[in-house]
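In what follows, a structure is listed as structure tokens, so that the remarks can point back to it.
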Amino acid sequence: MTDRPIIDIRHAAKSYGTLEVLKDISLQVKKGQIVAIIGPSGSGKSTLLRAINDLDPLTSGEVWLEDAQVNKKLPTRQYEAHINSVRQNIGMVFQHFNLFPHLNVRDNITLAPKMLKGISKAEADQLAVEQLNKVGLLDRIDYYPSQLSGGQKQRVAIARALAMKPKVMLFDEATSALDPELVEEVNLVMKQLAEEHMTMIIVTHEMGFAQDVCDRVLFMDQGVVVEEGPPEVIFKTPANERTKNFLRKHLKGQN
Amino acid sequence: MIRVFPFFLEAAWVTIQLAVLSGAMGLACGALGAAARLSRSPALRFAGAAYVSVIRGTPALIQVFILYFGGPQVGIQLDAFEAGVLALGFNIGAYMTETMRGAIISVDRGQTEAARTLGLSRFETFRSVTLPQALRLMIRPLGVNINALIKGTALVAAISVVELTYTAQRYIGSTYKPFEMFLLAGVLYMAIIYVTGLGVNWLDRRAALR
């Protein structure tokens, strides 16, 4: 029972015309697992992540969230209803935060729960307080996104995703757009989530973070998973030549 | 000059009525047009695009003439003021269609993605995320459309609506002072446009993002 994957990607493929961005990728993620996807830009790692909630639909293959197929082929209307309910269980954090600039922090967090879960304003506000406490930004509850630093924006974006109580969280280069000194505060929030056994799939360029936090690392290149395994193996003794080359470039200057 | 001034004020009031009514109609046409152009239905998209290119591709004066002089031939009997409002409103609506469409599509795609990944439907996303941001973006360009519309109301002088331009022409006949008459009309147009501009500025400031 506990071994059943929460996310199950089966033979995922995607192409734009003749360009194949994903070539027959399968991936299972179990509850509480933390998976990092690394690889050069253009390797397809973001596309794979965005296929999990059907933001970038696959050309072929299946994505399952527990016992529901995410990318089920349905008539438009039915698909809309289906995908909206599936997506409530999949939190996503973007490179550019994508906070709603016309709403304050509280309303950014409570918008979706109020609309979709039929909770009262008081309950929603309580939810915002809880989530902001978690990311350490309770004192910013009445601020607007433009009044926050990049790191604070991303922490609010994480709180917004968590407020839907998702079963899995997807991170699409969550710290890539941040100034170096702001990366750590976001990493700390993600580490804290890891300690709470949140299931996470993390596309990242930060090898140090992947090494510290993740249970499994996938190295992707040109639309395929070149190598995967526990971080100590991937980072210390990679088997594949492409992985070695990539890590040589990326670990330089880091330790 | 003093003698004719009250008549010019009355005419300015007609110009304001023309602008307000056709402006309101233009906003409605613009909203429908933008909705059509951004629709998932190819037929609606085509209808929206056709509306915009036909209206923007022909002189507004011709559109006014077609409705007022050509209308009766196909059973549309309108007085000059009604025809003026409808033609001007339908005309500015095409420009407003493009203004509104532009504002909507310039809201960052990441906003839609974030809302959709939270589970909001297309409609919920549009209503609570895209539209509030697009409205702020469209205030100023719609102000430009309104400015053009106010000046465009002068066209309906050609179908004898007794508005500012028509009134100026009429009093030239009795005063033989075209310079003063057109100058006075111009000053009144400018006053209307100035006040409208203040209103647009106020709206824009109020809607500004913090």
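Laboratory data are not the source of any read-out in this text; all were calculated from the coordinates shown. Only a predicted model underlies this, so the values are computations on that prediction, with no experimental measurement involved. With ideal geometry, Cβ positions are generated from the backbone for all residues, glycine too; neighbour counts draw on all protein chains shown.
Amide hydrogen proximity for A:LYS31: with H placed 1.01 Å from N in the peptide plane, the residues at 5 or more positions away or on another chain lying under 5 Å are A:ILE6.
Counts of other chain beta carbons within 10 angstrom of each beta carbon in peptide A:49-56 average 1. Using a simple spin-label model with pseudo-atoms 7 Å out from Cα toward Cβ, A:ASP56 and B:VAL195 lie 5.6 nm apart. Look at B:MET100, B:MET181, B:MET25 and count the other Cβ atoms within 10 Å of each Cβ; fewest to most, that gives B:MET25, B:MET181, B:MET100. Checking the Cα-Cα distances for A:LYS14/A:LYS114; A:LYS153/A:LYS244; A:LYS31/A:LYS121; A:LYS191/A:LYS244; A:LYS167/A:LYS244; A:LYS31/A:LYS72 against a 29 Å cut-off, the pairs over it are A:LYS14/A:LYS114; A:LYS153/A:LYS244; A:LYS31/A:LYS121; A:LYS167/A:LYS244. Taking amide H positions as modeled 1.01 Å from N, with prolines and chain starts lacking one, the residues under 5 Å from A:LEU22 and 5 or more places away or on another chain are A:LYS14. Its relative contact order, with pairs defined as Cα atoms under 8 Å and 6+ residues apart, puts chain A at 25 percent. Sorting A:131-139, A:100-108 by their mean Cβ neighbour count within 10 Å, with the most densely packed peptide first, gives A:100-108, A:131-139.
Each peptide in B:66-79, A:25-38, A:184-197 gets a packing score, the mean of other Cβ atoms within 10 Å over its residues, and the list from highest to lowest is A:25-38, A:184-197, B:66-79. Averaged over peptide B:92-100, the number of partner chain Cβ atoms lying within 10 Å of each residue's Cβ comes to 0. Each of B:ALA115, B:TYR95, A:ALA177 was placed along the dipole of the protein assembly as shown (beta-carbon charges, centred on the mean Cα), and the one lying farthest toward the positive end is B:TYR95.
Each helix, a run of at least 4 DSSP H residues, gives -39500 (n - 2.57); summed and divided by the residues of the protein assembly as shown, these come to -18000 deg cm²/dmol at 222 nm.
Listed by Cβ neighbour count within 10 Å, with the fewest neighbours leading, A:PHE219, A:PHE209, B:PHE123 appear as B:PHE123, A:PHE209, A:PHE219.
Counts of other chain beta carbons within 10 angstrom of each beta carbon in peptide A:92-98 average 4.
Fewest-first ordering of B:ARG206, B:ARG170, A:ARG160, B:ARG127 by other beta carbons within 10 Å of each residue's beta carbon gives B:ARG206, B:ARG127, B:ARG170, A:ARG160.
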